[in-house]
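> Structure below; questions to follow.
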Amino acid sequence: MNKTANALESRSSNSVRMMLDDANVKAGQIVEIPFYAEDFTGVYGAQFTMNLSGTLEELVSGGLDINESNYNVVNGNLIVSFNDAKGLDVADGSVLFTLKVRSDVDGNISNVLNINDNVLRSEIYTGKDLDINSIEIGYRNVDVTYALYQNEPNPFVTTTTIGFELPTAANYTLTVFDVTGRELKVLNSKGVAGYNSVTIDGISATGVLTYRLESDDFTATKKMVNLK
């Protein structure tokens, strides 16, 4: 679903989540991942990019009528776009769709699967006014704690996405520094409980950079490399 540049800039701070059950996977294992509805009402369309960390074997439609014309895989990212002229309501807990993925890595689904803006800007359109909201992944079976993840891609050119977990909806500050400790970018916002992601761009400094997440009493720092 295409939007004008002005419409894209109007994306609200609200979000719609697709819920998963976390599980541990091994490299080479084919895992089925159902995506469950939560507050999935009045949805007129969506587009999103999802990092797979593996190979897509099959996508099985559920509450969302998705076929091969609605998705593609680009550079390891699953690209999905759909619309419904009448508005779509899917009951909480119903399966929206199921992915069958052959994992390339060992780890928990919650650590290797994420929604980002790497190919398509990820957003969902709700209500008759087509309000533009973020679309995110949440987990039904984990006690979420604070976590700051490695940015993807890393190294990067122009843009990269930083993911992190919050145990509850809370304010956070994400700051990017150069090697001298100079602040290059400061983002203040309110995150949702569970997984959050922020796309970083417009960084002029190159080489090794540092990013720091602060929320309540939690602070964590990681490094990333800008090749531009």
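> For region 171-196, how many residues are at pLDDT below 90 and either outside any loop (DSSP other than H, G, I, E, B) or farther than 17 Å from I115 by Cβ (or both)?
Kept after step one, since they are at pLDDT below 90, are these residues of region 171-196: 191-196.
Restricting the remaining residues to those that are either outside any loop (DSSP other than H, G, I, E, B) or farther than 17 Å from I115 by Cβ (or both) gives 191, 194-196.
The number of residues fulfilling the criteria is 4.
> For residues that are in contact (Cβ under 8 Å) with a residue 40 or more places away in the chain and of a type outside the set (G, A, S), scanning just region 191-213, find the one that is surrounded by the fewest Cβ atoms within 10 Å (Cβ to Cβ).
D201
> Hey, any hits in region 39-54 for a residue that's surrounded by fewer than 18 Cβ atoms within 10 Å (Cβ to Cβ) and farther than 14 Å from N133 by Cα?
The answer is no, given that none of the residues of region 39-54 is surrounded by fewer than 18 Cβ atoms within 10 Å (Cβ to Cβ) and farther than 14 Å from N133 by Cα.
> In addition: Here are some conditions: (1) more than 22 Å from E136 (Cβ to Cβ); (2) surrounded by fewer than 16 Cβ atoms within 10 Å (Cβ to Cβ); (3) of a type outside the set (V, I, T). N188 meets all but one. Which one does it not meet?
(1)
> If you don't mind, there's one more thing I want to ask. For F97, only one of the following conditions fails: (1) touching a Gly at 6+ places or on another chain (Cβ under 6 Å); (2) modelled with pLDDT of 95 or more; (3) under 16 Å from S134 (Cα atoms). What is its number?
The single condition F97 does not satisfy is (3).
> Here's another thing I want to ask about it. Which count do you get for residues in region 90-108 that are within 12 Å of K26 (Cβ to Cβ) and not in a strand (DSSP E or B)?
Final tally of qualifying residues: 3.
The values are calculated or read from the model by the stated rules, or taken from the named source; none is laboratory data. The model shown is predicted, which means the values in this text are computed figures rather than measured ones. Note that each Cβ is placed from the backbone with ideal geometry, even for glycine, and that neighbours are counted across all protein chains shown.
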